[in-house]
Amino acid sequence: MGVKAALPRYELYVYTVVLCMAMLWSTRWIFDVSSSNSNRKTFKTSIQPGWYYSGRKMDTADVEWMMWFSTFRDHIIFALSGHVIFAKICSMLAPQYRSLVYMAYGMLAVFTSMGWAYVTLILSHCILLYSISLVKLRWLCFTAGLTTLATFKMEPFISWQTGFVSGSFELRPILYYGGCGFTIMRCMSFALENCERKDGNYSILELLKYNFYLPFFFFGPVMTFDKFYLQANNPNLTRKEGEMWNISIQALLHLGIITIVAIIFHFMYILTVPCDMKLLKHISDWALIGLAYLNLVYDWVKAAVMFGVINTVSRLDHLDPPKPPKCITMLYVFSETHFDRGINDWLCKYVYNYLGGKHENTLNELIASLCTYGIAALWLGPSWVVFTWAFLNCFGLNCELWTARFFNMEPFISIEMAISDSMSRRIRAVFNTFNFWMIVLYNILILNSLDFTNLVAKRLLLKGFPFTTITAMFVTYCLIQMIKERERRQALIDDPDPIPPPAPIPPPSTAPSTTTVPSTQTDAAAAQPVDGNKEKAE
């Protein structure tokens, strides 16, 4: 009963039409709200003049996006272009020293932008964690690393360390906290990998090469030390056939997405409207639900584009960086929900999989997930909103796993084997629908605010019941089925078994065939023991 179960074509056509109509309807409501309220007093700080020829104002509420692609765009392009040029020259003349050139250019760029005091602060943390890694005790490396990370997330340590950095400009706070936070995560990865090394120790020079690689330094993603060490020191710099073409296509794709997001910001104020609670109380249920969903989609797009730009540069350096996060539109299980694949891979490798073992023991699984979300909460910065988000997502993940194991018992297995694969897929999609909205509500809590999340939940589940609730759940069910159809087709490509395509529309005199070939793969939400290597939420 797996992901390869096919549905009749006419059923998929219905799901597609319903999804398109719902998206157009919701988008129209959001557009109307944005157009009719662009001059509200509460919008003055975030709705600024946009492109002259558009005749509309632009949503500038996301400081990070505006910093990357508007305010400091030229500075970022200049720094990354310099890295690419120096790296290319070194790769042509002395490829064996390219990792040293990466480090030298990265340290120079950090020194130029942040000053010698900041570089000294970073070096002091690197030396401290390197010294501790020589003891080769995992618990000591974890304790020292998490304690050091906490000094950048809690007062009075924040103010004390910030005092070492003189001068100020608009980008400095973001660079400061980004560089410090990612430095600690990289140093912890180095220390933990050094603990696993049986013969000797890695040199501190390897740590500095790893940490001061400029594309990853300020904004991530985190690439674990074992992968970086092998790839940065690989003397073979030949590329696969068509690799440069793929890199060029990815760069153009990111440029296109940036342009599309800018256009959307001129016509739909999806980031500013959720901040005005008085306005939200008067908009339609569909506009509110659409805003909640689009906020999650936008946050994924932002992460995918920012990490994608950096990843494009690192791929030019013959590295294989962490992939962008999985699209939120394709998610309906907690075990695949994350917005930063680098941090997700780090947590899975050093915390979740290490503590969870084979993920067969319920208690070990619970401890592993609690520790994983505890470190994620520290990484994001301790606050009641973050703790609530961590608790809810941890609960959702474990509830998902417990439910899967419960339905993997008798008599549920026998019942599922007795019904057709297509019916099994429909039943699973019903449960996935509720799971989907749990993911949405839990994550808009940290992306927006508690008030916005409460309002969405009340409109969706209480005030909007039964019409809005049933309609929204049916539309979500259609979305889940389209996701499963995409997974089904991908599974056929990865494992091309002789499985028939979606069943055609039957003639009036015959009933649809329910005969399908048993699948060898399970659904992402199937009632099977969880794979320990499966990605977990950040």
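From the largest down, the stretch 159-255 spans 51, 46, 16 angstrom on the principal axes of its Cα atoms.
Once you reduce the stretch 10-41 and the stretch 76-95 to the center of their Cα atoms, the two points are 45 Å from each other.
Across the chain, counting alpha-carbon atoms alone, Rg and Dmax equal 25.0, 82 Å.
May I ask for the Rg/Rh ratio of the stretch 360-426, computed from Cα atoms with Rh as the Kirkwood radius, given to two decimals? Reported Rg/Rh (Cα atoms, Kirkwood Rh): 1.19. Helices assigned as whole DSSP H runs in the chain whose Cα atoms extend at least 15 Å along their own long axis and whose mean Kyte-Doolittle hydropathy is 0.5 or higher are found at 9-36, 73-93, 98-114, 116-133, 138-151, 243-267, 285-316, 362-380, 384-406, 421-447. Nonpolar atom fraction for the chain, defined as the carbon and sulfur part of the 1.4 Å probe accessible area, stands at 68 percent. A simple packing score, the average count of other Cβ atoms within 10 Å per residue, orders the peptides 301-307, 41-47 as 301-307, 41-47, with the highest score first.
On the principal axes of its alpha carbon atoms, the stretch 118-200 extends 46, 20, 16 Å, with the longest extent given first.
Solvent-accessible surface of protein heavy atoms, probed at 1.4 angstrom with all chains present, puts 391, 190 in the order 391, 190, largest first. Remark on residue 58: its backbone amide H falls under 5 Å from those of 48, 50, a criterion applied only to residues 5 or more positions apart or on other chains, H modelled at 1.01 Å from N. Entry comment: accessible area of the chain is 48 Å² per residue, from protein heavy atoms only and a probe of 1.4 Å. Extension gain, residue 137 to residue 196: 0.36 nm times the residue separation minus the Cα-Cα distance gives 20.3 nm. The slack between residue 48 and residue 450, meaning 0.36 nm per residue of separation minus the straight C-alpha distance, is 142.1 nm.
Separation of the alpha carbons by more than 21 angstrom is noted, of 326/358; 44/302; 302/326; 326/484; 88/240, for 326/358; 44/302. Averaging the sequence gap over all C-alpha pairs within less than 8 Å and six or more residues apart, then dividing by the number of residues, gives the chain a relative contact order of 26 percent.
Using the rule -39500 (n - 2.57) for each DSSP H run of four or more residues, divided by the residues of the chain, the 222 nm mean residue ellipticity is -20500 deg cm²/dmol. Ellipsoid fit via the Cα gyration tensor, the stretch 257-376: semi-axes of 33, 23, 10 Å, each the root of five times an eigenvalue, largest first.
Centre-to-centre separation between the Cα atoms of the stretch 329-376 and those of the stretch 446-460: 25 Å.
Note on residue 9 and residue 297: the extension gain reaches 100.9 nm, defined as 0.36 nm multiplied by sequence separation minus the Cα-Cα distance.
The values are calculated or read from the model by the stated rules, or taken from the named source; none is laboratory data. In this text the structure is predicted, and so the values were computed from the model without any measurement. Neighbour counts are summed over all protein chains in view; Cβ atoms, including those assigned to glycine, are modelled from backbone coordinates with ideal geometry. The protein model used for the area step is the full one, side chains on, heavy atoms only, and it has no ligands, DNA or RNA in it. Shrake-Rupley method; radii C 1.70, N 1.55, O 1.52, S 1.80 Å.
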